[in-house]
Structures are given as C-alpha cells and as structure tokens.
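Just below is one structure, and these are the notes that go with it.
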Amino acid sequence: MSRNSIVFGFGLAVALFSGWVLFPRALYVNQHQPIEFRHKIHAEKSGITDCAQCHVFRDDGEFAGLPSNDTCAGCHSDRIGTSPAEAKLVESYIKPGHEVPWLVYSRQPANVWFSHSIHVKRAGLNCTDCHGNLGESDQMHLYQVNRISGYSRDIWGHSMSRLGRVPGDGMKMGDCEDCHRRHGVEVGCLGCHQ
Amino acid sequence: MKVTRRDLFVWGAGAAAGLVFTPVPWKLLDDVSIWTQNWPWIPQPPRGPVEVKQSFCSLCPQGCALKVKTAGGWPVGIAGTSTNPLTRGALCPLAFGAHQLNWHPQRVRTVRHNGVPSSWSDARAAFAKACSEGPVVIIDGQPGRAASTVLASFAEKHNGSYRVEMSPETRALMPFESWTGVSAFSLGYDLENAYTIVSFGAPLLDGWGVPGRFTRLWAERAAGRSDPQLRLIQIEDSLSHTASRAWKWVNIRPGSESAMAAGLARALIEEKLVSARGPMPVITISAAASQSGISESALGELARTIVARPPVLAIASNHNPEIAALNVVLGAVGAHGGVVRRSKRTGKYIPAEAQIPNARAVLIDSSVPWDFAPDSNAEIFRFVAWDGGLQKCDWLLPAAGFLEELTDIPNAPTSAVETYAIAPQLSKPQFEIQSAAQFLVSVDPTLPTVEKVIHSRCEELFHQRAGTVYGQEVTGVAKFDSAQKLEAELEKASTWVGDPPPPGELRCELREWPPTMIAESSQNWASTWNAPVLPPLATKLYRESSLREAPGRRTV
C-alpha cells in the first residue's frame with residue numbers, strides 16, 4: 001500500500017469518526033426536565049389508560065397540548081406520595097401557580113401548524129404513530145437540544161443517519177410528507193406552514 | 001517520518017472525502033436553515049394558548065371573512081371562513097400571509113415629515129393650521145365604513161371635499177350611475193342568476209370581486225363541463241388565467257374592447273336577437289370586426305352565442321361606457337342575472353382623480369391604494385401602514401396594519417346584496433399608530449368616533465328588522481331582542497346580509513350610444529389592488545395565484 005493511500009485513508013477515517021461520533025456529541029446539549037415525570041407510574045397507579053385523559057382535546061376540537069397545572073392539581077393539589085419529584089411539583093409549581101416549564105420533545109418551529117384534532121380524530125392515527133411509546137416509558141428520556149437550531153433531537157431522530165427509525169423517532173417535514181404519501185393525503189404548503 | 005506538504009494535501013483530500021459520508025454537511029445545512037428562521041430580529045410569536053378567532057380582511061374593499069389562528073394573542077395563521085355566505089372560505093394569496101405584514105421591514109413605524117422623523121403632535125398642529133388656511137381634500141379608498149363617515153363629516157364641517165378612490169369593479173359600474181341615477185356604490189352584479197357572462201378582460205377567476213364568489217359559482221356550474229350551466233365567455237387580448245379556463249375565449253386586439261362591445265350590440269339589434277332597448281351604436285359591424293381583429297361572421301356568431309342562454313351579463317374590467325351600454329341592449333340592467341340595485345342608499349361620491357384646485361391640504365386615508373398619487377401641489381398628509389416607495393408626501397403617518405384596529409366592513413364592490421360586518425381588532429400595534437379617523441377626531445373632538453358610528457349602524461340595522469345574520473347560526477334580524485345583541489353578534493365576526501333586491505328596482509335611460517373611449521388595458525388580479533408590500537408567504541403565491549382555482553383543486 002502506498003504512502004499516499006495510507007495518508008488518504010487516515011484522513012478519511014478521522015473525518016468519519018469525527019462526523020459520526022464527535023459531531024453529534026458536539027451538536028447536542030443535554031438538558032433535564034424540570035420534574036422527573038413517569039408516564040408508566042401514572043398509568044399503573046391512577047388507572048390512566050388513555051393519553052387524552054391528560055392531553056385533552058378542548059370542546060372546539062383543538063388539542064390542548066401539555067396538561068396545565070389545573071390538570072395535575074386534580075390529584076396533586078397536595079402531596080399524595082413521597083417522591084421528591086412530586087414535592088417539587090406541588091411546592092414549586094402548583095401551590096405558587098407557576099406552570100411547569102416542560103421541555104417539549106416535539107416542539108416545532110413557529111411557522112409550522114399541526115392539527116392533532118385532524119390527525120387523531122379524522123385520520124384515526126394513534127398517539128404512538130408519531131410519539132412512539134412515550135406513554136409507557138418509566139422515565140422521560142434525556143432532552144437533547146440542538147445548539148444551532150434550538151430544537152429537540154427528537155425532531156431529527158436519534159439516528160444521525162436517519163436510517164432504521166421506528167415510529168415516533170423523528171418529526172421532520174419529510175416524515176410528515178412520507179406519511180401523507182403513504183396515506184394518499186395531499187396538502188399544499190399552507191396545509192402545514194403559516 | 002517526515003510529514004510533507006503533499007501528505008497534508010492528501011490527508012485533507014481524504015478528510016474531505018470522508019466528510020461527504022458523514023451527517024456533518026447535510027445536518028449543518030438543515031440546522032443552519034432552521035437557525036435562520038430564529039434570528040433575533042425575526043418576530044417570534046409568544047408561547048401561549050393557541051386560539052382560532054374570526055375577523056375580516058380590510059386590506060382591500062372586498063372584506064373577506066377570516067379564520068385567524070393566534071398564539072399568545074398574536075395572529076400566526078390565516079384561513080378562510082367556509083361558513084361565510086359571501087366569501088365561502090376562499091381567500092386571495094395576499095390574505096393568507098397578511099399576518100406577516102405587520103412586521104414587514106417597510107412598515108411605517110414613526111411619523112415622518114419630508115422624510116425626517118417627527119411626532120403626532122407636530123402632524124396634528126400642521127394639519128390644524130392647514131385647515132384654518134384653506135380647504136382640505138380628504139380621500140377615502142373604502143367608502144361606506146364607519147371611518148368613512150368620520151372622514152366625510154370632517155370634510156363637510158370644515159368646508160373641505162370628500163373624495164373616493166374607486167376600485168376597478170366600482171369604476172366599471174360608474175356608467176350606470178349616470179344612466180340610472182343610482183350610485184355605483186349601490187349597484188352590483190347578480191352573478192348567481194346569470195347563465196351567460198361576457199367578460200371584457202375582467203379577471204373573474206383571478207382576483208375580481210370577492211375571491212370566493214365567482215370561483216365557487218364557476219366551480220359548481222362550469223368547471224370541467226363541455227356544456228356548462230354557467231357560460232363564461234372571456235373577450236381578452238391575452239390568454240389570461242380567466243381566459244384559459246373560460247368556456248370560450250375570444251382573442252381580440254389590445255384596446256378594442258369598446259369596439260367589440262359596440263359591434264356586438266349592433267349585431268344583436270340588427271339581427272333582432274334582442275328586443276331593441278338601447279340606442280344603435282354608431283360603429284358598423286365591419287368596422288368593429290376590423291378594429292377588434294376578428295371576422296364579421298365570427299362577431300355575428302358570437303352575438304348569437306351570447307344570447308343563446310339568457311340571462312346574459314357583460315362585465316368590464318374597468319370604466320367602459322360601451323360595455324355598460326351593451327348590458328342595456330341585452331336588457332341586463334335591473335333584471336335577474338344582471339346589474340342590480342342592492343341598496344337604497346343614494347350617496348354619490350366625487351372620484352379621487354378629479355382635479356383638486358386650490359386645496360391647502362390633502363389627507364389620504366390608509367385604505368387608498370399606495371399607487372394613488374393626488375394631482376395637487378397641496379400639503380399631503382398620507383396615512384399608511386407600509387411604505388411602498390416612489391410616492392412623495394409631506395407627512396407620512398403610521399396607520400393600523402393588518403387587524404390592528406376595529407373597523408367595519410360594508411358591501412363588497414360587486415355584491416348583489418347589501419352586507420355589513422364588524423372586523424374586531426386581533427393584533428396589538430407594536431408602536432404608536434392612528435387611523436385617519438382617529439387623527440381627525442383628535443383635531444376636531446366634536447366628530448363622532450368610529451365606535452359610535454358602528455353603534456348607530458347596528459341600531460339602524462336593528463330598526464330596519466330586515467336581513468339575516470350569518471354566524472355560528474343563521475338568524476333573522478327580526479329575532480334579535482335589541483340592537484346591542486345584534487352588535488354583539490356582529491362583533492363575533494358574523495355577517496349581516498340584506499334581503500335580495502326586488503326586480504325592477506332599477507330603471508335605466510340611455511338615449512344615445514356613449515362616445516367611444518380609449519379602453520384602459522385589462523388588468524390581471526395582481527394589479528387590481530396594488531399591495532405596497534408583500535408578505536414572504538404571498539410573494540410567490542401572489543404572483544402565480546394558483547390558489548384561486550376551483551374549490552376541488554384548492555389544497556388549502
């Protein structure tokens with residue numbers, strides 16, 4: 001093997017290592033949710049079986065998004081358990097009346113309009129089709145924020161190559177388009193962008 | 001081992017080749033493009049509850065009904081209101097992106113006097129001084145609003161003159177004003193009952209009138225049918241959007257619309273295809289055919305085609321007495337499917353283009369299109385939300401942008417029925433603005449405010465006990481208990497629609513065929529209302545306007 005091939009291969013290897021290993025670590029910053037929340041415990045202990053019990057649809061059909069303090073206060077107006085997370089929820093947020101500043105894995109740019117109502121009620125999609133099995137998770141996974149774009153890693157998906165993704169892993173425009181194509185639903189630019 | 005310069009180049013080449021097979025270039029490209037959306041000077045709506053509210057667009061006189069999505073109180077998305085009986089869910093591409101206009105770089109943010117920043121108090125003092133020194137001309141672009149009443153009252157009280165810059169649709173109705181004695185602002189087209197529409201370059205499918213009205217009719221009765229229920233014959237010098245979709249396109253020479261209309265009228269009368277109700281045009285059929293570039297036989301055939309399926313209505317793209325006279329010959333004035341009187345109001349207006357002799361000052365309302373320039377040496381006070389450039393004025397005064405003020409929405413220019421709606425303010429202004437009406441009230445506090453005029457309009461509607469209110473429910477005005485309840489319903493962006501006018505309300509006297517005038521060039525919809533600036537969302541859509549096709553094709 002010639003000297004040039006070895007040097008070339010070395011450069012190639014450094015770039016591949018940097019691109020696939022170092023770059024993702026440098027690109028994302030780990031952040032922690034303000035409170036450790038466990039979907040699984042809520043499902044098991046309080047018998048919540050349907051996402052819509054907390055992530056409600058309003059009377060006008062619009063999706064209310066993350067539950068507000070009022071929803072949590074339905075059970076946690078005072079401490080009912082012994083966990084430090086619940087203590088923080090009650091003492092730092094519910095009693096002072098501050099909404100919990102959750103880090104939203106699926107937050108999209110402001111120019112994107114997404115109707116949960118249309119997708120869930122009309123198209124019949126399951127929550128897991130886009131959000132994965134978040135509802136069965138024992139703890140919230142690490143929130144990784146992109147240093148450049150400011151959005152969660154969950155939007156791109158956990159695999160940098162975007163190959164072999166499972167449902168709920170990735171919420172890029174292409175993912176929306178793929179799903180629409182599969183279901184034969186055509187929307188123009190203004191269907192999602194406003 | 002010595003590292004040579006060649007090694008560095010080869011290593012670099014290897015690294016570059018390797019990078020292509022990593023996510024670095026593609027991911028960076030994606031992230032940087034998203035990053036550019038979040039630059040600090042790009043307005044970001046606050047995090048807050050997402051709500052859908054109702055209002056009306058006041059950018060042009062058509063007043064389309066809007067469904068406005070707000071986030072934390074900021075409008076972030078616009079869609080049409082499908083339940084509105086007039087606009088039927090359709091909007092023009094400009095309205096779809098209008099919520100972006102309030103943050104446009106060319107937004108007028110401060111009072112400017114000859115290009116230099118000034119203050120509202122200076123502007124007020126200068127205008128008051130001008131009023132005391134001589135007559136003032138006030139120009140309005142959307143007459144019939146509550147603000148228009150304030151403007152007209154000021155002009156009347158201060159020996160000034162109130163004038164109106166008319167839309168092309170209203171200008172097309174102007175000839176009927178002199179023949180019927182009814183204001184062009186009280187006339188409309190009964191498109192719903194017409195079976196044949198002859199359009200002389202009017203962009204019926206591309207921005208003419210209320211966007212949803214004709215496009216819906218055409219989609220329901222004509223689109224894709226070889227023998228449509230509604231025949232649209234487009235007489236135009238180019239294959240426009242409307243011409244390409246019309247049942248028949250007649251290609252004529254540019255500027256020969258008047259000759260064509262006169263030739264058709266003559267053919268109709270000579271061949272006794274209509275009972276002659278109007279005077280005979282001076283032009284001969286051969287001369288008309290020669291001027292418009294079609295054969296005599298084609299002109300005769302066209303005349304027979306036009307009357308084959310009555311009622312027939314001819315529509316001009318702008319002021320054109322000969323096309324209006326063709327309607328008289330066709331018996332379309334005051335008839336079902338023709339030109340109808342929608343309102344008993346008699347107010348006539350002086351056109352803004354009229355000479356302005358000896359005026360001390362000219363005040364231009366923000367509803368006047370930016371490209372209007374008064375023919376006067378007077379001191380000009382211009383209210384605008386956006387500076388479109390290339391217009392000179394002494395005072396540039398920041399007016400309300402999109403949905404930044406309460407206003408009312410009177411009839412759309414071509415509507416066959418009277419309508420009234422109230423557009424609530426949905427966006428808080430980011431800096432000190434005033435409407436022309438507020439400015440005049442501050443100069444003369446004895447004038448009524450816009451709110452008061454709206455109250456009295458609602459009381460008037462209530463006491464008439466006529467018409468229907470279209471909102472979440474359809475309710476007759478007679479069912480409202482009080483004027484306050486009617487006003488409260490209208491403030492929720494419902495629309496009052498008057499009863500259809502009885503036939504025969506309009507009598508037209510045309511003794512002589514009108515003299516030939518040089519036709520103004522036909523206008524496409526992008527030029528019928530010239531936006532001073534465009535929102536990013538509309539820039540491409542506005543020019544291409546493919547959004548305004550039939551509802552079945554609309555993807556929004």
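A short reminder: the numbers here are calculations on the coordinates, not readings from a lab. Predicted model, so just to flag it, every value in this text is computed and none were measured. FYI the Cβ positions are ideal-geometry reconstructions off the backbone, even for glycines, and counts take in every protein chain you see.
Quick notes
- Overall form of chain B per C-alpha gyration tensor (a/c, 1.5; a/b vs b/c): oblate
- Calculated FRET value between B:Lys485 and A:Arg79, using beta carbons and R₀ = 45 Å, to 0.05: 0.40
- Residue list for the stretch B:305-347, given a label point 7 angstrom along the Cα-to-Cβ vector of B:Glu192 and an amide N cut-off under 16 Å: B:335-343
- Rounded to the nearest 20, the size of the Cβ-charge dipole of chain B about its Cα centre is 1240 debye, with Lys and Arg at +1 and Asp and Glu at -1.
- Figure legend: label point modelled 7 angstrom from the Cα of B:Ser275 along Cα→Cβ; residues of the stretch B:337-361 with amide N under 19 Å from it are B:337-339.
- Cα centre as origin, Lys/Arg/Asp/Glu Cβ charges: the protein assembly as shown dipole, Debye: 1580 debye
- Put simply, when A:98-109, B:399-410, B:312-323, B:280-291 are sorted by average Cβ atoms within 10 angstrom per residue, most first, you get B:312-323, B:399-410, B:280-291, A:98-109.
- Note on chain A: dipole from Cβ charges, positive end direction compared against A:Gly47, A:Ser106, A:Phe37; the farthest Cα belongs to A:Ser106.
- Taking every residue in B:72-85 and counting other chain Cβ atoms within 10 Å of its Cβ, the average works out to 1.
- Multiplying the residue separation of A:Ala87 and A:Leu22 by 0.36 nm and removing their Cα-Cα distance gives an extension gain of 19.6 nm.
- q = 0.10, 0.11 Å⁻¹, the protein assembly as shown: log10 I(q)/I(0) [Debye, one scatterer per Cα]: -1.09, -1.21
- Separation of the A:His158 and B:Trp35 label points, Cα + 7 Å toward Cβ, nm: 2.6 nm
- Normalised by 2.2 N^0.38 Å, with N the number of residues, the alpha-carbon radius of gyration of the stretch B:167-212 equals 1.21.
- Protection proxy ranking of B:194-202, B:14-22, by the mean of other Cβ atoms within 10 Å over each peptide's residues and highest first, is B:194-202, B:14-22.
- Electrostatic dipole magnitude of the stretch A:119-194 [Cβ: Lys, Arg +1; Asp, Glu -1; Cα centre; debye, to 20]: 180 debye
- Ascending count of other beta-carbon atoms within 10 Å, so fewest first, for A:Cys189, A:Cys51: A:Cys189, A:Cys51
- Extension gain, B:Glu505 to B:Gln355, is 50.7 nm, computed as 0.36 nm per intervening residue step minus the present C-alpha separation.
- Residue-averaged 222 nm ellipticity for chain B, from DSSP H runs of 4+ at -39500 (n - 2.57), nearest 500: -9500 deg cm²/dmol
- Cross-link partners of A:Lys95 among aspartates and glutamates (Cα-Cα below 19 Å; sequence separation of 8 or more within a chain): A:Glu36, A:Asp70, A:Asp78, A:Glu86
- Antiparallel bridges, percent of DSSP beta bridges restricted to the protein assembly as shown (to nearest 5): 55 percent
- Selection from B:Ser161, B:Pro135, B:Leu239, by position along the positive dipole direction of the stretch B:127-268 (Cβ): B:Leu239
- Rg over Rh [alpha-carbon atoms, Kirkwood Rh] for chain A: 1.06
- Peptide-level mean, for B:64-71, of C-beta atoms on other protein chains within 10 Å: 1
- Positive-pole candidate from B:Ser295, B:Ala416, B:Trp39, dipole of chain B, charges at beta carbon: B:Trp39
- Contour excess over end-to-end distance, with Cα ends at B:Glu220 and B:Val474 and 0.36 nm allotted per residue: 89.2 nm
- Counting, for every residue in A:2-11, the Cβ atoms of other protein chains within 10 Å of its Cβ and taking the mean gives 6.
- Between A:Ser137 and A:Ile41, the simple label model (points 7 Å from Cα in the Cβ direction) yields a spacing of 1.6 nm.
- Distance (nanometres) between label positions extended 7 Å along Cα→Cβ at B:Ser442 and B:Ser286: 6.8 nm
- Packing-based ranking, highest mean first, of B:224-237, B:372-385, B:61-74 given that Cβ atoms within 10 Å are counted: B:61-74, B:372-385, B:224-237
- Exposure proxy for B:Phe176, A:Phe23: other Cβ atoms within 10 Å of each Cβ, ordered fewest to most, give A:Phe23, B:Phe176.
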